Amino acid sequence: MVDVMSALFQRPNFLIFVIIFLWGLYIMVTRYNLVKKLVGMYLVQTSVIFFLVSISAKKGATVPILRSTTDTVNAIDYSNPLPHVLTLTAIVVGVATLGVALALCSAIYRTYGSLDEEDILKRLE
Amino acid sequence: MSRHIPALLFLLPLFAAISMPMACLKHREWSRPLAISVLGTMIGLSLVNLSFVLEHGAIHYDFSGWAAPLGIEWVADPLASLILVALSFLGFVALIFAGAGEPKNLGGRIVHFYVLILLLISALTGIVFAGDLFNLFVFLEVAALSSYALVGVAGGRALFAAFRYLILGTLGASLYLLGVSYFYAASGTLNMADMADKLPHLLISRAVVGGLLFMFIGLGIKMALVPFHAWLPDAYSSAPESVSPILASLVTKVALLGWVRIIFWVLGAQAVLQDIPVLLLIGVLGALATVIGAVLAFTQHEIKRMFAYGGISHIGIILIGVSQGNQTGFAGGIFYLLNDAVMQAALFFFIGIVIFQYGIRHVEDLGQMGKQAPWLIGSLVIMAMGMIGLPPTGGFFGKWYIILGALEADNYVAVGAILLSTLLTLAYFVKIFEHLFRTPATVTNPQAVETPVAFQFSVLVTSAAILILGLGSDPIVGLILNHALPPGL
């Protein structure tokens, strides 16, 4: 148990990731307001992006651009660009999803005059 | 030239989708012929691609010339090429159907309706060809975004179903991305082939097992596997009639194909047969899915929901097939996937026509149709034979090979589950036919005008395809067994 705890606190990024992820999931499940559900959904997406960024962080590393062509290249000096590129793409995907979701929300509001899930379900009956 | 066809198959619908709002700015009636001609060209290209791949082996396409582990790679192997032929064929027929029954209240936005369908097709092509786990995620999301919009496109009660679909689908996509980042953290690569080389040494890592579980839940939501299926019946039953065939036949099956790729091509047959009991997991869930889906289908009154649950139950049968861990079961599963795609399209064409022509949504009202459309009833009989699995149809041969594979693996529970779901499928089709034939035609519907040729075409072509898949099952299963099996199975 102590081992697990100490391992957890040595990697606070994992801890934060789990907290944000579960927080978002909790909001998605418990809130009836559709926009609040979207906030939860965005927290879940952001937590995964946070996880990707945090596993690729590197102390004392710089951007992967070669300063000169003659020096020997030490991979240790450079941070890995791939996770950051993935993160960018994931952010774009997340923004697109949120855009579609908000468009749906506004259409739902125009149709039902409410954003509360229970109200809408009552109207659907 | 032929080596570029996989990229062309993706770029064609994508560029058509992007340029359509401009090309059809003045003439919105051009959008339908444009979309149909794109899909027609895709059928031709995918056939050329399949014959090329069968002759010369898989095409590994490196985008902009960057070689595989660094660049983005597409793999057009025989399995992907075979699925793509089915995808473009069904997309073509579904577009012809959608054109005749396009949502009425769209007005000028009808152009965007076709843009969304073409985007969906191109994203599905991307999922089928992707040779890179992250690429798969991006295409899953593009396909999902276009399906959310397509479900909600006509407004009304479909909006809320689309919203629920979006919430669950995005949760699934986030879990899949989490699984991919676990795999990336463990292996340092995203390319499927490269990862397949590195993973055998990493199987003791908990990151791999955890990542696999997250990917499974994520893709399970996308393919509507039973504990995660809640979004599907609402979304597909309230989607516009012209949209649900294309969604029901393609989206869930392509997500399932992505999962098959991950377990057999990325993890490798060796690992899943010996080290990680993932085949047991999907076998058990598949058996549950096929029985529960069929029971739920039997209890429905709305025909569209009944067929949607039927689709959920058939996802289970495909999973049982691929989880047997032998060649017969795998070939049967993939063959059943093709069949199920065709059958789902046909069933949703049928119900779309019934709703358009007679305004019937519930099983109890089916009798009102009377005997006005013998071709429609005749093709429903063929679809029912396919869904139940009677001999001349493809459904029978798919189930036959899956059961043979299960017997080979001494897996009698799977055989029992398939037989039970077959009986339940029979039960709900008996319910449909009983209401269709026993109830007297009380109301002769004045709306029953002449059926558009596009409706007749789509239903008759897909019903014929169910029969043709059955009659031609030998060469197709032979093709899967000889060319499309995963390495080491």
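Structure data summary
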item	result
Cβ pairs under 6 Å, 6+ apart, first in the stretch A:29-41 and more than 10 Å from chain B (Cβ to nearest Cβ), second open to solvent by 60 Å² or more (accessible area, probe 1.4 Å)	A:TYR32/A:GLU118
Residue count for the stretch A:99-122, restricted to those that are touching a Lys or Arg at 6+ places or on another chain (Cβ under 9 Å), surrounded by 13 or more Cβ atoms within 10 Å (Cβ to Cβ) and more than 26 Å from B:ALA173 (Cα to Cα)	3
Matching residues, the stretch B:171-188, being open to solvent by less than 10 Å² (accessible area, probe 1.4 Å), more than 23 Å from the chain's Cα centre (by Cα) and within 9 Å of another protein chain (Cβ to nearest Cβ)	B:LEU178, B:SER181
B:GLY389 vs. criteria closer than 20 Å to B:LEU469 by Cα, of a type in the set (Gly, Ala, Ser) and open to solvent by 10 Å² or more (accessible area, probe 1.4 Å)	yes
The lone exception for B:VAL260 - which of (1) of a type in the set (Val, Ile, Thr); (2) more than 19 Å from B:TYR336 (Cα to Cα); (3) under 17 Å from the mean Cα position of the chain (by Cα) it fails	(2)
Number of the condition not met by A:LYS59 [criteria: (1) away from every other protein chain (no Cβ under 11 Å); (2) in a helix (DSSP H, G or I); (3) open to solvent by 80 Å² or more (accessible area, probe 1.4 Å)]	(2)
Close pairs (7 angstrom Cβ cut-off, 6 or more residues apart or separate chains): aliphatic (A, V, I, L, M) in the stretch B:433-453, open to solvent by 80 Å² or more (accessible area, probe 1.4 Å) and at pLDDT 70 or above anywhere	B:ALA448/B:GLN372
Filter result for A:ALA101 (without any contact (Cβ under 8 Å) to a residue 24 or more places away in the chain, assigned to a helix (DSSP H, G or I), more than 12 Å from the chain's Cα centre (by Cα) and at the interface with chain B (Cβ under 10 Å from one of its Cβ atoms))	no
Residues located in the stretch A:73-98, provided they are in contact with a strand residue (DSSP E or B) (Cβ under 8 Å, 6 or more places away or on another chain), surrounded by 15 or more Cβ atoms within 10 Å (Cβ to Cβ) and either within 11 Å of chain B (Cβ to nearest Cβ) or not small (Gly, Ala, Ser) (or both)	A:TYR78
Residues within the stretch B:62-84 that are open to solvent by 30 Å² or more (accessible area, probe 1.4 Å) and free of Cβ contacts under 8 Å to residues at least 60 places away in the same chain, tallied	7
Odd one out for B:ILE360, checked against (1) part of a helix (DSSP H, G or I); (2) of a type in the set (A, V, I, L, M, F, W, C); (3) surrounded by fewer than 22 Cβ atoms within 10 Å (Cβ to Cβ)	(1)
Sole exception among (1) β-branched (Val, Ile, Thr); (2) at pLDDT 85 or above; (3) exposed (fewer than 11 other Cβ atoms within 10 Å of the Cβ) for A:THR70, by number	(2)
Subset of the stretch B:1-44 (residues that are among the β-branched types (Val, Ile, Thr) and out of contact with any Ser or Thr (no Cβ under 7 Å at 6 or more places or on another chain))	B:ILE5, B:ILE18, B:ILE36, B:VAL38, B:THR41
Residue satisfying all of: in the stretch B:126-170; aromatic (Phe, Trp, Tyr), within 27 Å of B:ALA68 (Cβ to Cβ) and more than 9 Å from chain A (Cβ to nearest Cβ); surrounded by the most Cβ atoms within 10 Å (Cβ to Cβ) among these	B:PHE129
Residue selected from the stretch B:124-145 under the condition not charged (D, E, K, R) and not in a helix (DSSP H, G or I), by the criterion farthest from B:THR252 (Cα to Cα)	B:GLY131
Filter result (among the hydrophobic types (A, V, I, L, M, F, W, C) and open to solvent by less than 10 Å² (accessible area, probe 1.4 Å)) within the stretch B:392-406	B:ILE402, B:ALA406
Some residue of the stretch B:405-412 being over 24 Å from B:LEU82 (Cβ atoms) and charged (D, E, K, R)	yes
Residues (more than 22 Å from B:ALA186 (Cα to Cα), at the interface with chain B (Cβ under 10 Å from one of its Cβ atoms) and either assigned to a loop (DSSP other than H, G, I, E, B) or out of contact with any Lys or Arg (no Cβ under 8 Å at 6 or more places or on another chain) (or both)) located in the stretch A:8-28	A:GLY24, A:LEU25
Number of the condition not met by B:LEU273 [criteria: (1) out of contact with any helix residue (DSSP H, G or I) (no Cβ under 6 Å at 6 or more places or on another chain); (2) closer than 26 Å to B:PHE92 by Cβ; (3) not β-branched (Val, Ile, Thr)]	(2)
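The values are calculated or read from the model by the stated rules, or taken from the named source; none is laboratory data. Please read all numbers here as calculations on a predicted model, not as lab measurements. A quick note on method: Cβ atoms are made from the backbone with ideal geometry, for glycine too, and the neighbour counts reach across all protein chains shown. SASA here: full protein model, heavy atoms, side chains in, ligands and nucleic acids out. Shrake-Rupley method; radii C 1.70, N 1.55, O 1.52, S 1.80 Å.
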